[in-house]
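Structure, as structure tokens:
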Amino acid sequence: AQSVTQLDSQVPVFEEAPVELRCNYSSSVSVYLFWYVQYPNQGLQLLLKYLSGSTLVKGINGFEAEFNKSQTSFHLRKPSVHISDTAEYFCAVERYNQGGKLIFGQGTELSVKP
Amino acid sequence: DTAVSQTPKYLVTQMGNDKSIKCEQNLGHDTMYWYKQDSKKFLKIMFSYNNKELIINETVPNRFSPKSPDKAHLNLHINSLELGDSAVYFCASSQESFNQPQHFGDGTRLSIL
């Protein structure tokens, strides 16, 4: 069985500080990897995805993530956060042979303080 | 010009009732999904349809029945509502049924009294 673990349920940071949101996964087969963001009372929006190729992927709003196959991790980073980045962040995986079935982590609440 | 729209946004009803949630996407996508987000914000897929055909059916009680009249619509009907059905239900769509980003609606918050 596959699973996704987001290691921090809450991450408080000050504005303009760097942030890393951690995500580890387990799967016996290759996976596609995604990060989504959920603002209050809204649906999820795609931040970035890793399908293949370069292990460093860049997404919207200045976020990036690095796929590390040996550590089965896909951590999300931003060098300088803004108040507007306050939201819930979800890591998700899709197995190669299970089209469209996203398995989500528990979510990390990023709280950016002035 | 909303891409994935769900109605209603809020649904408050009593145990035992039957209710439906509608979803429409105007992105021209072939695949649509229903997810359930519980009170701890955990998201779990329920169903997926590709061109009106069911392709993912997770272990969901058979009180939940999805219906796709065409590939732009995926509705969710729930019979005999129970307290545990209280959650936010999200509809989503994607171009294909694999390795594609999914576009989510704003959710329907279902509260069972």
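Being open to solvent by 40 Å² or more (accessible area, probe 1.4 Å) and over 13 Å from the mean Cα position of the chain (by Cα) is the filter; apply it to the range B:19-42 and report the residue that is farthest from the other protein chains (Cβ to nearest Cβ).
Per the criteria, the residue is B:28.
With the requirement that a residue be outside any strand (DSSP E or B), within 14 Å of the chain's Cα centre (by Cα) and either touching a residue at least 60 places away in the same chain (Cβ under 8 Å) or within 19 Å of residue A:104 (Cα to Cα) (or both), what does the range B:43-74 give you?
Selection gives B:58, B:60.
Which of the residues spanning the range A:74-87 are touching a strand residue (DSSP E or B) at 6+ places or on another chain (Cβ under 6 Å) and either on the phi > 0 side of the Ramachandran plot or open to solvent by less than 50 Å² (accessible area, probe 1.4 Å) (or both)?
A:74, A:75, A:76, A:78, A:81, A:85, A:87
Which of the residues belonging to the range A:14-35 are more than 21 Å from residue A:58 (Cα to Cα), part of a strand (DSSP E or B) and in contact (Cβ under 8 Å) with a residue 60 or more places away in the chain?
Once the filter is applied, which keeps residues that are more than 21 Å from residue A:58 (Cα to Cα), part of a strand (DSSP E or B) and in contact (Cβ under 8 Å) with a residue 60 or more places away in the chain, the range A:14-35 yields only A:14.
I need a count of the residues in the range B:9-18 that are away from chain A (no Cβ under 14 Å) and either at pLDDT below 95 or open to solvent by 30 Å² or more (accessible area, probe 1.4 Å) (or both).
Qualifying residue count, the range B:9-18: 6.
Taking into account only those residues within the range A:2-19 that are more than 14 Å from chain B (Cβ to nearest Cβ) and open to solvent by 70 Å² or more (accessible area, probe 1.4 Å), which is modelled with the lowest pLDDT?
A:7
Just to verify a result, which residue in the range A:20-73, among those that are among the small types (Gly, Ala, Ser), farther than 21 Å from residue A:9 by Cα and within 12 Å of chain B (Cβ to nearest Cβ), is most open to solvent (accessible area, probe 1.4 Å)?
Filtering first and then ranking leaves A:52.
List the residue pairs whose Cβ atoms are under 9 Å apart, where the first residue sits in the range A:74-96 and is away from chain B (no Cβ under 14 Å), the second is assigned to a strand (DSSP E or B) and hydroxyl-bearing (Ser, Thr, Tyr), and the two are 6 or more positions apart or on different chains.
Close Cβ pairs satisfying both conditions: A:74/A:25; A:74/A:50; A:76/A:89; A:76/A:108; A:86/A:111.
If you go through the range B:92-112, how many residues are in a strand (DSSP E or B) and either hydroxyl-bearing (Ser, Thr, Tyr) or out of contact with any helix residue (DSSP H, G or I) (no Cβ under 9 Å at 6 or more places or on another chain) (or both)?
Number of matching residues: 8.
In the range B:75-85, is there at least one residue being crowded, with 17+ Cβ neighbours inside 10 Å and in a helix (DSSP H, G or I)?
The answer is yes; a qualifying residue exists.
The values are calculated or read from the model by the stated rules, or taken from the named source; none is laboratory data. Not measured: the values here are computed from a predicted model. Here the Cβ is made from the backbone with ideal geometry for all residues, glycine too, and neighbour counts use every protein chain on show. Ligands, DNA and RNA are excluded from the accessible area calculation, which covers all protein heavy atoms including side chains. Shrake-Rupley method; radii C 1.70, N 1.55, O 1.52, S 1.80 Å.
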